[in-house]
Amino acid sequence: MNTPADDFLSAIDAIPAERLPALLRAMPKAELHIHIEGSLEPELIFALAARNGVALPYAGVDDLRRAYAFTDLQSFLDIYYAGASVLLHAQDFHDMAMAYFARAAADEVVRAELFFDPQTHTARGVPMRAVVEGLEGACREAKARHGIDAVLILCFLRHLSEEDAFATLEQAMPFLDRIVGVGLDSSELGHPPEKFARVFARCRELGLRLVAHAGEEGPPAYVRSALDVLRVERIDHGVQSVHDPELMERLARERIPLTVCPLSNQKLRVFPDLADHNLGRLLDAGIVATVNSDDPAYFGGYMNDNFLQVFAATGLTARHAYRLGRNAFEGSFADDAAKAAYLARLDAVFRSFA
Ligand code: HPA
Ligand code: ZN
């Protein structure tokens with residue numbers, strides 16, 4: 001990957017602070033950490049519930065929104081899985097993803113790597129085919145309608161067994177050409193990465209790209225075992241790595257991307273005060289950190305909200321914005337030609353502000 005010239009970086013440093021919000025909105029972005037089920041807005045949850053005849057334990061949209069008072073990851077996951085229960089047919093998955101892509105396009109997202117949680121759906125009798133075909137059709141439409149390059153990453157739920165993950169992989173076998181990789185999500189504490197060593201090894205043999213949530217609430221040791229045992233290429237969250245200086249050095253040296261989600265971390269009380277978020281510290285340590293929305297319908301914001309709020313709260317600069325923009329494209333699973341094209345678009349926008 002080409003390195004930016006010093007005079008270009010100096011010009012970025014000279015961008016006045018009052019132009020920063022406009023720059024953050026305008027810069028082309030890659031979103032690498034979005035659970036598509038976490039993009040279900042309350043209005044769409046109730047519309048799908050009505051369409052599918054699914055009963056919800058909430059009186060309405062406002063009642064549901066009031067329940068979004070999370071204290072930790074688990075308190076969120078309980079509501080997130082309840083919300084996903086309205087998804088039954090391929091059309092539902094398609095409609096959910098299209099609503100996300102409209103928001104993403106408005107935030108200048110040009111590449112999106114979407115997590116989905118098939119076990120949440122197959123456990124309710126929804127066929128894997130409905131899940132994948134609904135989402136995949138939406139990804140194709142996202143390109144035609146919004147110019148967004150979108151790919152799918154199948155996540156295994158870590159609170160379930162490795163045997164369950166293997167059964168899910170088996171169900172996904174006919175659709176592997178529509179999936180770029182696999183990830184690991186859900187309740188982190190007590191479910192270390194090594195629980196899924198064999199299924200990740202199998203996915204690696206199958207040529208799938210590998211990522212895992214680690215170091216969101218869990219310790220740096222989980223980040224290490226995601227790298228050493230699962231052999232993942234990116235760490236989702238990873239913010240607890242700051243408690244392990246040696247790991248920090250390794251992440252920087254090996255250029256392991258961290259897909260950081262500021263508003264998620266605030267709402268799940270990883271950093272209850274956004275001003276305390278360590279994104280700047282990660283970047284300044286040379287780590288390939290990125291900004292992402294995680295579950296935007298639940299955490300109060302899509303990509304631009306995450307950028308604007310964490311920049312305002314922690315005093316990050318235009319140079320940090322440029323670094324974040326590059327990191328996301330470099331850390332994506334796009335091929336080298338696509339990465340070069342994204343980076344050229346990023347540079348053009350920064351040049352227009354410099
Ligand atoms: N962490 C773990 N699992 C998840 C998350 C998250 O932030 N969002 C959806 N599933
Ligand atoms: Zn996540």
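Brief remarks follow.
- Mean residue ellipticity at 222 nm, helices only, the chain: -15500 deg cm²/dmol; runs of at least 4 DSSP H residues each add -39,500 (n - 2.57), and the sum is divided by the number of residues.
- When the inverse distances between all different Cα atoms of the range 65-194 are averaged and flipped, the Kirkwood radius reads 15.6 angstrom.
- Annotation: amide H of K29 within the under-5 Å range of V109, V110, R111, sequence separation 5 or more or interchain, hydrogens built in the peptide plane.
- Legend: Rg and Dmax of the chain, from Cα coordinates, 19.3, 60 Å.
- Charge context of N278, other residues only, Cβ under 14 angstrom, K/R +1, D/E -1: -4
- Degrees, to the nearest 10: 303-314 long Cα axis against longest axis of the chain: 50
- Divide the volume of the convex hull around the Cα atoms of the range 200-334 by the residue count and you get 107 Å³ per residue.
- Think of a 1.4 Å ball rolled over the protein heavy atoms: the chain then has 38 Å² of accessible area per residue.
- Taking every C-alpha pair closer than 8 Å and separated by at least 6 residues, the mean separation divided by the residue count of the range 1-109 gives a relative contact order of 40 percent.
- Inverse of mean 1/r across different Cα pairs in the range 140-216, Kirkwood, Å: 13.4
- Per-residue HN-Hα couplings for the range 49-60 [Karplus 6.51, -1.76, 1.60; θ = phi - 60°; Hz; x = Gly/Pro]: 4, 5, 4, 9, x, 9, 8, 10, x, 10, 5, x
- Total formal charge among the other residues, if their Cβ is under 15 angstrom from that of D177, Lys/Arg +1 and Asp/Glu -1: +2
- When only alpha carbons are used to place a centre, the range 76-110 and the range 280-353 end up 22 Å from one another.
- Gaussian network model of the chain, Cα within-10 Å springs - most flexible of G183, G300, G218: G300
- Rolling a 1.4 Å probe over the protein heavy atoms leaves R281 with an accessible area of roughly 140 Å².
- Over the chain, relative contact order from alpha-carbon pairs under 8 Å, at least 6 apart, %: 22
- 3J(HN,Hα) along the range 254-267: 8, 6, 7, x, 10, 9, 8, 10, x, 5, 4, 4, 5, 5 Hz, from the Karplus curve 6.51 cos²θ - 1.76 cosθ + 1.60 with θ = phi - 60°, whole Hz, x for Gly and Pro.
- Sequence of H89, H33, H94 from largest to smallest accessible area, 1.4 Å probe: H89, H94, H33
- Accessible surface ranking for M248, M173, 1.4 angstrom probe, highest first: M173, M248.
- Helix 336-353 axis, angle to the chain major axis (alpha carbon atoms, nearest 10°): 50
- Amide H contacts of A212 (H built 1.01 Å from N, under 5 Å, at least 5 apart or other chain): L184, R234, D236
- When the alpha-carbon atoms of the range 263-354 are used, the pair Rg, Dmax equals 13.8, 40 angstrom.
- Distance from the C-alpha centroid of the range 156-177 to that of the range 2-24: 44 Å, rounded to the whole angstrom.
- Karplus-derived 3J(HN,Hα), 6.51/-1.76/1.60, for each residue of the range 107-124, Hz, glycine and proline x: 9, 6, 6, 10, 9, 9, 10, 8, 7, 9, 10, x, 5, 4, 9, 5, 5, 9
- Lysines with Cα under 17 Å of K339, excluding same-chain neighbours fewer than 8 positions away: K29, K143
The values are calculated or read from the model by the stated rules, or taken from the named source; none is laboratory data. Nothing here was measured: the structure is a model prediction, and the numbers come from that model. A quick note on method: Cβ atoms are made from the backbone with ideal geometry, for glycine too, and the neighbour counts reach across all protein chains shown. To get the accessible areas, we keep the full protein, side chains included, count just its heavy atoms, and leave off ligands, DNA and RNA. Shrake-Rupley method; radii C 1.70, N 1.55, O 1.52, S 1.80 Å.
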